[in-house]
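The values are calculated or read from the model by the stated rules, or taken from the named source; none is laboratory data. Bear in mind that the values here come from a model prediction, so they are computed numbers and not experimental data. Using ideal geometry, Cβ is built from the backbone for each residue, glycine included, and neighbour counts are taken over all protein chains shown. For the accessible areas, the whole protein counts, side chains as well, though only heavy atoms, and no ligand, DNA or RNA atoms are used. Shrake-Rupley method; radii C 1.70, N 1.55, O 1.52, S 1.80 Å.
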Amino acid sequence: AVYHAAVDLPASSGSRLVKELRSAVHTDELTCYYQPKISATDEKVHSVEALVRWQHPTRGLLLPDQFLPAAEQAGLMRPMTTRVLDIALAQIRSWRDDGVGLTLAVNLSTTNLLDLDLVGTISRLLSTYQVPAETLILEITESTLTTDSQRARNTVAALRQLGIRLSIDDYGTGWSSLARLQDLSVDELKLDGVFVARLARDPRSIAIVRSTVALAHSLG
């Protein structure tokens, strides 16, 4: 390969993004948008999911796929997740003070589950904002449990001891679904959208969803 200056541009841009992100996690540039979860029974909002956004000073509002990969590669997932939990739990405290009793879901990455300080950090934030542990739902994907499964399971067990609820996100997209359910005690399965999107026209999707619901009920 022959060197060309243009090849370095993405790397340079990425380095600048990481530098800016290191600063952003300690400022008010990171914020959360809250996606409502609506009950199919009564059509009321019963919970929300915190979705991180970066209000970049020059590039505007950035979505997670525009900066989370860089955060993961640069080792920033730990401070970023702490910041998101801080913002989200402060919001839940505010809502509870106004009489709005919602549960809150926050996504965790593989890096987070391997963080030995994660449980202590969450415990401290719950205490700071005087928010009951059962108000918090942590969402993990099946893939997060495959890198170092024993260490991840230990973290999950410690989180459950705090009273925090756990959800497996994108359920059904990994090959290890049943193996993970055998090892872990979780409170919720979130079916991947690919199954739900085909319910109106695909009998196979109906069968998969029906059997998954039955399995979830059987496991409590």
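Below is a table of values for the structure above.
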quantity	calculated
Between 0 and 90°, nearest 10: helix 203-218 axis offset from the chain longest Cα axis	80
Anchor residue 37: aspartates and glutamates whose Cα lies under 17 Å away (excluding residues fewer than 8 positions away in-chain)	49, 134, 139, 169, 170, 187, 188, 192
Accessible area per residue, Å², the chain with all protein chains present, probe 1.4 Å	56
Length added when fully stretched, residue 40-residue 210, from 0.36 nm per residue minus Cα-Cα	59.7 nm
For residue 37, residues with placed amide H under 5 Å, excluding near neighbours	46, 47, 48, 49
About the Cα centre, charge dipole magnitude for the chain (Lys/Arg +1, Asp/Glu -1 at Cβ), debye	100
Förster radius 35 Å - calculated FRET efficiency between residue 58 and residue 102, Cβ distance, rounded to 0.05	0.55
Residues residue 201 and residue 117, FRET efficiency given R0 of 45 Å [Cβ-Cβ distance, rounded to 0.05]	0.45
Gained length - residue 187 relative to residue 72, 0.36 nm times residue gap less alpha-carbon distance	38.7 nm
Share of pairwise Cα separations in the chain, more than 23 Å, in percent	54
210, 78, 93, ranked by accessible area, largest first (probe 1.4 Å)	210, 78, 93
Reach of residue 19 by Cα under 18 Å, taken over aspartates and glutamates that are not fewer than 8 positions away in the same chain	8, 28, 29, 65, 72
Computed P(r) (all Cα pairs; segment 56-179; 10 Å bins; percent)	12, 41, 34, 13, 1
Helical mean residue ellipticity (222 nm; -39500 (n - 2.57) per DSSP H run of 4+; nearest 500) of the chain	-14000 deg cm²/dmol
Quotient of Cα Rg and 2.2 N^0.38 Å for segment 1-126, N being how many residues it contains	1.27
Counting DSSP beta bridges with both ends in the chain, the antiparallel % (nearest 5)	45
